[in-house]
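One structure is given below, encoded as C-alpha cells.
Rule-based calculations on the coordinates, nothing more; no lab input. Only a predicted model underlies this, so the values are computations on that prediction, with no experimental measurement involved. Cβ atoms come from the backbone with ideal geometry, glycine included; neighbour counts cover every protein chain shown.
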Amino acid sequence: MKTLRTIREVRETLAPDRRRERSIGLVPTMGAFHDGHLSLVRRARTECDVVVVSLFVNPTQFGPAEDLGGYPRDEARDRALAEAEGVDVLFAPPIEEVYPEGFDTTVTVGALTTVLEGDPGQRGPGHFAGVATVVAKLFNMVGPDVAYFGQKDAQQVLVIRKLVRDLDIPVRIEVCPIVRDPDGLALSSRNAYLSSGERERALALSRALRAAEETVAGGATDAAAVLAAARAELDAAGIEPEYLELRSMPDLSEVNRVNGSTLLAVAARVGKARLIDNAILGDNK
Ligand code: AMP
C-alpha cells in the first residue's frame, strides 16, 4: 500500500491504471477506522481493481462549536488497518494540499442541506457545504469510477447523490448498510467519547429506531404513532433528542404517513458525543 500526500502523486500513481481501464474505487473517510469504515473498504476491494481510501479530517464541515480539535486521529493505526484490507493507496493529504492559500470556492447543494443535520439549529447548511465541497474535490483529485459511502450518514448519501447528478460528475455512488455493535449501537468514531455508562444510554437511539420499525411492522403508518414509539425509548433513557424526524426520501420532504421510502433520523447528545442514527421504515427488508 502506498501512502500519498499530494494530488500530483495520486494522479501519477493512478494514471497507468486508468490507461489500462482498471476500475478505481474511492472510500472517503475522516479516519479513526472502525468496522463501519472497513465494511466500505471491503466492498470496494471486492468490486474494484484499485482501491483508494482518503483520510482527511475536513475542517470546513465542522462548526465553530464542534469537535474538530478533539476529533480522534491515529494515522499509524489507520494505515495498518487499511493495509490489512488490501487497500492500494491511502491518500492522506495535509490541510494545505486540500485548501491552499486563497482557496475560495464552495459547492452548495440546495434544499436537502437545510433540514435535519443542515437545520440552522443543528449543524447548519454549512456542514453540508463543507462535505459537498471536499467530496467534489476528492472526486476531481482521484477520478474514481465508484465511490463508497455509509448509510449511517443517510442525509450525506442523499446530498452526495444530488451533487453528482446536478454537476454531472462521472462516478457511481454505492451505499453500504449501517454496521452496528452486537448490542445495536451504530459504530462511529465519536463513540470513543462515551464513558461506559454513556454508552449504555446511547443504546436508546437504536432501540428507538427498532421500536419504530416494530410499530410499522404492526401495521401503523401514522407518523405521530411511529414517532411516539421511538420517543418513548429515548425518554426511558433520559435522552432529549436534537431531532427525531420522519422524512421522505430522496427529497427529505415532511411526511404524515410512513411508506416504503421513509427515513427515520435521530440525533442526540450523550455526554460529549453527538450521535446520529437512522432507519428506513416500511421497506419490507
Ligand atoms: P467518517 O470517517 O465518519 O466521515 O465516515 C466515512 C464513511 O464511513 C462515511 O461514508 C460514513 O457514512 C461511513 N460510516 C461511518 N460509520 C459507519 C457505520 N457504522 N456503518 C457504515 N458506514 C459507516
For this session: Answer yes or no: is there a residue in region 176-189 that is touching a Pro at 6+ places or on another chain (Cβ under 8 Å) and either under 30 Å from R77 (Cα atoms) or not acidic (D, E) (or both).
Result: yes
Exercise. Among E96, E101, E117, which is the only one that is over 23 Å from Y193 (Cα atoms) and outside any loop (DSSP other than H, G, I, E, B)?
Worked result: E96
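So that you can scan it fast, the table gives a plain yes or no per residue for (1) of a type outside the set (V, I, T); (2) surrounded by fewer than 19 Cβ atoms within 10 Å (Cβ to Cβ); (3) in contact with a Cys (Cβ under 8 Å, 6 or more places away or on another chain); (4) more than 30 Å from D166 (Cβ to Cβ):
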| position | (1), (2), (3), (4) |
| --- | --- |
| G218 | yes, yes, no, yes |
| E242 | yes, yes, no, no |
| S248 | yes, yes, no, no |
| R257 | yes, yes, no, no |
| L263 | yes, no, no, no |
| V266 | no, no, no, no |
Exercise. If A212 passes every condition in (1) in contact (Cβ under 8 Å) with a residue 60 or more places away in the chain; (2) assigned to a helix (DSSP H, G or I); (3) surrounded by fewer than 17 Cβ atoms within 10 Å (Cβ to Cβ) but one, which one does it miss?
Worked result: (3)
Exercise. Pick from region 129-171 the residues that are more than 13 Å from the ligand (Cβ to nearest atom) and under 27 Å from L246 (Cβ atoms): which of them is nearest to the chain's Cα centre (by Cα)?
Worked result: A132
Seminar exercise, completed: Within region 221-254, the residues that are touching a residue at least 24 places away in the same chain (Cβ under 8 Å), outside any helix (DSSP H, G or I) and over 20 Å from the mean Cα position of the chain (by Cα) are T221, D222, A237, G238, I239, E240
Exercise. Taking D183 and the conditions (1) within 16 Å of the ligand (Cβ to nearest atom); (2) of a type in the set (D, E); (3) farther than 30 Å from E47 by Cα, which numbered condition does it fall short on, given that it satisfies the others?
Worked result: (3)
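From the list R18, R5, R45, R11, pick out the single residue that is basic (K, R), within 16 Å of the ligand (Cβ to nearest atom) and surrounded by fewer than 21 Cβ atoms within 10 Å (Cβ to Cβ).
Exactly one residue qualifies, and that residue is R45.
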For this session: Answer yes if at least one residue in region 30-53 is of a type in the set (S, T, Y) and touching a Ser or Thr at 6+ places or on another chain (Cβ under 9 Å), and no otherwise.
Result: no
